[in-house]
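Below is one structure, written out as structure tokens, with a few remarks after it.
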Amino acid sequence: MSFDPFDFKNTLPIINEDSEFFPLMSSEDEEEMNNEQTPEVLSILPLRNTVLFPGVVIPITVGRDKSIKLIRDANKGKRMIGVVAQQDVAIEDPTFNQLNKVGTVALIIKMLQMPDGNTTVILQGKKRFLLIEEVQSEPYLKAIVEPFKEIKPKEDKEFKAMVSSIKDMAMNIIQLSPNIPSEAGIAIRNIESTSFLINFISSNMNADMAAKQRLLEVANLRERTKLVLEHLTLDLQMLELKNQIQSKVRVDLDKQQRDYFLNQQLKTIQEELGGNSPDLEIEDLRKRGIKKKWGKEIKDHFNKELEKLARTNPAAADYSVQINYLELLLDLPWNEFTKDNFDLKRAQKVLDKDHFGLDKVKQRIIEYLAVLKLKHDMKAPILCLVGPPGVGKTSLGKSIAKALGRKYVRMALGGIRDEAEIRGHRKTYIGAMPGRIIQAIKKAGAANPVFILDEIDKVGNDFRGDPSSALLEVLDPEQNSTFYDHYVEVDFDLSNVMFIATANSLSTIQPALLDRMEVIDVNGYTIEEKIEIAKQHLVPKQREAHGLKTKDVTLKNDVLEKLIEDYTRESGVRALEKKIGSVVRGVAKEIAMDGIHTPLVTKKEVEKILGAPIYDKDLYEGNEVAGVVTGLAWTSVGGDILFIEASLSPGKGRLTLTGNLGDVMKESTTIALAYLRAHAKDFNINPKLFDQWDVHVHVPAGATPKDGPSAGITMLTALTSAFTQRKVKPHLAMTGEITLRGRVLPVGGIKEKILAAKRANIKEIILCKSNQKDILEIKEDYIKDLKFHYITDMKEVITMALLEQKVNNPLDLTPKEDLNPVMN
């Protein structure tokens, strides 16, 4: 409702023109007003934006020339005019047909000339009328009218309840609305007439002109009362909702003002105590940002996030998150590089000093450094060093960083299963942080470190994602210039980082990831290489670690060789270092207890400290019996030798395989036996023997799983030796895959197998001719005592491997006599 001061003061039909206060209309006054005769012809005053109800007093500012003329003429006469709302408020000079048909007879109470020149007239509604016919249009509108009869209802309980509800709602609206003066409530409480109360509230309630005109045209007072009640109910609900919203906003503002006041006090206390206030923190971040060497895109992003921090309440949880994020951006080395040392001779010396051997890796690093010296914007290579444990793959990264003059960082990938470890978490998560790639770059403090991705073959995956797939972007030179970390939210350039991955096996690395890396095999060491590594690196390291000096302990070559052969069985030198550490600790104990000790450690002292030898020096078991052949195998710790034992016993030609063999190895035995059956005459074997003798093939040790195709020619040789009873040449080993056609195919792991053969005192080795290229890559010093036989056909293997001398007489067709060569 929107009451006007005039409305509750001037509401009587009989009014003194000079009075300042008009009492409210009583029931007698209303009855007297209704009994007055309505003139047949009335001057019609169109109203543009209001509706006049009977008994209600309203002020009207008159602006139209016709209206001013009408008011002045009427004011000189009986002061009685007709007031009608026009249908379209936009029409400046409405005609008779553009007016509503129901209006109100009005009495001019007072006409005022305002200081601004406008004329204001105070009107009081008398009674409704109906427009019948236009009489004149100039100088103003006149029309014939007739009374509009109002139907008064029977004042039953329902009607009285509706009127009472309207009065209560009107009082509530006055209390809830700050714009309505309290005097309006007094006026409503003092209104006695039901009809006037409805008219008074209809005139002042918050409704548009069309709704008020519809109320004016309702003849039945009961129906009009219902409509007013509906309008007031809606008005009250809207007002209550508005007050609820304003109250809530006011509470929020009060809380913000309180927080602001407390923060200002906190800032003052921090400044008094010498701490940094939030404003000082932001200014410090801004100054650090100015000094950074980042590009425009990163700079704009930083400034945007800094402005966001400035708008954040320091007491809010997001404030510390935003501070941490901005500090990470400042700590990252954007376009900050260490200067590479292009002294190639120095780099070669550093690599040779730190690591013995590993020539391929060293050569590749020197090549990269040479090209970088000529072409400064070359992208860094992504290397993958593959080899058994303990050969120095990880420690080589430090040497490369030292040789290049770069920072060194290492990231262990073993067991990582969450993709967020690589790409980071989004800031929206509680406890979010960047991925380990970004963390390592931040730790390095330079955008071009040597970055070791250790144990890349041991990356796992589960429901949280596949980290190896996330590494595809990191290890792709075409993509890693725009590496996106979920936490950082902007691209970081990794193209200058020299990534070096290490792995023990390529089989578990995702093919797409493997394709992005340059694979370099790091093979096991020979005994000679291990001795040199021990002398140059391991012994001095252990001496220093145990507080001894060079004069306190000395290990000669023969002692180191004993440690290598009798106490270790590996491709690398990790176990060797532990044994040397045990020896040095034994010496340190003697020095600490007695103070007297001979610096030179002997073999006897080694056995005294370490105990009896763990491994036999010579694993080769000789050729005393037929059917036993030495094969070569590759393991995760390097090469090894194994023995294939074939035994015959009377039976029906069954084949039995033992020794924890895999499917591929079993198939190799089946192929060898099938080939031998098909070519029995070529080897002077009676074909009927295969149906009268059972074959048992065993590969020690039984608890160790074995698989792979490389034992094919070894299986064939063992079976042929058993059936022909011809012994195998002494100190001979072999490796190669076979086919049913009799071809010998190449196999892998040649260097590891050759080194294992040499450790086992093997003198001759049979290989596929295609593996000759692998032998050429091995240093000549390591294979000078070995003789190699390169073959392409399985018959060549038998010719080279078996002696003419037989253990027993050749097997005949009589199965009664046990001629089992192994059991003889």
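The values are calculated or read from the model by the stated rules, or taken from the named source; none is laboratory data. Computed from a predicted structure; not experimentally measured. As a convention, Cβ positions derive from the backbone with ideal geometry for all residues, glycine included, and neighbour counts pool all protein chains shown. For the accessible areas, the whole protein counts, side chains as well, though only heavy atoms, and no ligand, DNA or RNA atoms are used. Shrake-Rupley method; radii C 1.70, N 1.55, O 1.52, S 1.80 Å.
Return the residues of the range 464-488 that are touching an Asp or Glu at 6+ places or on another chain (Cβ under 8 Å) and either outside any strand (DSSP E or B) or within 13 Å of residue 382 (Cα to Cα) (or both); say none if nothing qualifies.
Of everything in the range 464-488, those that are touching an Asp or Glu at 6+ places or on another chain (Cβ under 8 Å) and either outside any strand (DSSP E or B) or within 13 Å of residue 382 (Cα to Cα) (or both) turn out to be 464, 466, 467, 469, 470, 479, 480, 481, 482.
For the range 698-719, does any single residue satisfy the condition of being among the hydroxyl-bearing types (Ser, Thr, Tyr) and assigned to a helix (DSSP H, G or I)?
Looking for residues that are among the hydroxyl-bearing types (Ser, Thr, Tyr) and assigned to a helix (DSSP H, G or I), one finds at least one in the range 698-719, hence yes.
I need the full set of residues from the range 752-773 which are outside any helix (DSSP H, G or I), under 12 Å from residue 788 (Cα atoms) and open to solvent by less than 10 Å² (accessible area, probe 1.4 Å), in order please.
762, 765, 766, 767, 768, listed by residue number.
I'm trying to understand the selection: among the residues of the range 165-198, which are closer than 21 Å to residue 216 by Cα and open to solvent by 20 Å² or more (accessible area, probe 1.4 Å)?
Across the range 165-198, the qualifying residues are 165, 167, 169, 192, 194.
Would a scan of the range 340-358 turn up a residue that is out of contact with any Pro (no Cβ under 9 Å at 6 or more places or on another chain), open to solvent by less than 30 Å² (accessible area, probe 1.4 Å) and either under 30 Å from residue 257 (Cβ atoms) or free of Cβ contacts under 8 Å to residues at least 24 places away in the same chain (or both)?
Looking for residues that are out of contact with any Pro (no Cβ under 9 Å at 6 or more places or on another chain), open to solvent by less than 30 Å² (accessible area, probe 1.4 Å) and either under 30 Å from residue 257 (Cβ atoms) or free of Cβ contacts under 8 Å to residues at least 24 places away in the same chain (or both), one finds none in the range 340-358, hence no.
Count, please, the residues in the range 390-417 that happen to be at positive phi and either buried (at least 23 other Cβ atoms within 10 Å of the Cβ) or assigned to a helix (DSSP H, G or I) (or both).
1
Would a scan of the range 667-680 turn up a residue that is in contact (Cβ under 8 Å) with a residue 24 or more places away in the chain, over 24 Å from residue 795 (Cβ atoms) and open to solvent by less than 30 Å² (accessible area, probe 1.4 Å)?
No: zero hits.
Any idea which residue in the range 299-339 is farthest from residue 434 (Cα to Cα), counting only those that are hydrophobic (A, V, I, L, M, F, W, C), in a helix (DSSP H, G or I) and open to solvent by 20 Å² or more (accessible area, probe 1.4 Å)?
Selected residue: 310.
Looking at the range 209-225 only, could you name the residues that are open to solvent by less than 80 Å² (accessible area, probe 1.4 Å), part of a helix (DSSP H, G or I) and within 22 Å of residue 50 (Cα to Cα)?
209, 210, 211, 212, 213, 215, 216, 221, 224, 225
Applying the selection to the range 39-79, what residues are among the acidic types (Asp, Glu) and surrounded by 13 or more Cβ atoms within 10 Å (Cβ to Cβ)?
Within the range 39-79, just 73 meets the criteria.
Please determine whether any residue of the range 146-159 is under 20 Å from residue 53 (Cβ atoms), buried (at least 18 other Cβ atoms within 10 Å of the Cβ), under 60 Å from the mean Cα position of the chain (by Cα) and not small (Gly, Ala, Ser).
Checked the range 146-159: no residue is under 20 Å from residue 53 (Cβ atoms), buried (at least 18 other Cβ atoms within 10 Å of the Cβ), under 60 Å from the mean Cα position of the chain (by Cα) and not small (Gly, Ala, Ser).
Search the range 529-546 for residues being touching a Phe, Trp or Tyr at 6+ places or on another chain (Cβ under 7 Å) and charged (D, E, K, R), and hand back the single one that is surrounded by the most Cβ atoms within 10 Å (Cβ to Cβ).
Among residues in the range 529-546 that are touching a Phe, Trp or Tyr at 6+ places or on another chain (Cβ under 7 Å) and charged (D, E, K, R), the one surrounded by the most Cβ atoms within 10 Å (Cβ to Cβ) is 529.
When the range 787-804 is examined, which residues are found to be assigned to a strand (DSSP E or B), closer than 15 Å to residue 716 by Cβ and out of contact with any helix residue (DSSP H, G or I) (no Cβ under 8 Å at 6 or more places or on another chain)?
Hit for the range 787-804 is 793, nothing else.
Just name the residue that is most open to solvent (accessible area, probe 1.4 Å) out of those in the range 418-457 that are among the charged types (D, E, K, R) and touching a strand residue (DSSP E or B) at 6+ places or on another chain (Cβ under 8 Å).
443
Evaluate the following for residue 368: is it open to solvent by 50 Å² or more (accessible area, probe 1.4 Å), of a type outside the set (D, E, K, R) and touching a helix residue (DSSP H, G or I) at 6+ places or on another chain (Cβ under 9 Å)?
So residue 368 does not fit the description; no.
Considering only the range 135-142, I want to know if a residue exists there that is under 24 Å from residue 35 (Cβ atoms), touching a residue at least 12 places away in the same chain (Cβ under 8 Å) and in contact with a helix residue (DSSP H, G or I) (Cβ under 6 Å, 6 or more places away or on another chain).
no
Please work out which residue is nearest to residue 561 (Cα to Cα), limiting yourself to the range 598-612 and to residues that are free of Cβ contacts under 8 Å to residues at least 12 places away in the same chain, open to solvent by 50 Å² or more (accessible area, probe 1.4 Å) and part of a loop (DSSP other than H, G, I, E, B).
In this case the residue turns out to be 612.
Let me confirm something: among 78, 149, 126, which residue is assigned to a strand (DSSP E or B), farther than 13 Å from residue 46 by Cα and of a type in the set (D, E, K, R)?
Going through 78, 149, 126 in turn, just one is assigned to a strand (DSSP E or B), farther than 13 Å from residue 46 by Cα and of a type in the set (D, E, K, R): 126.
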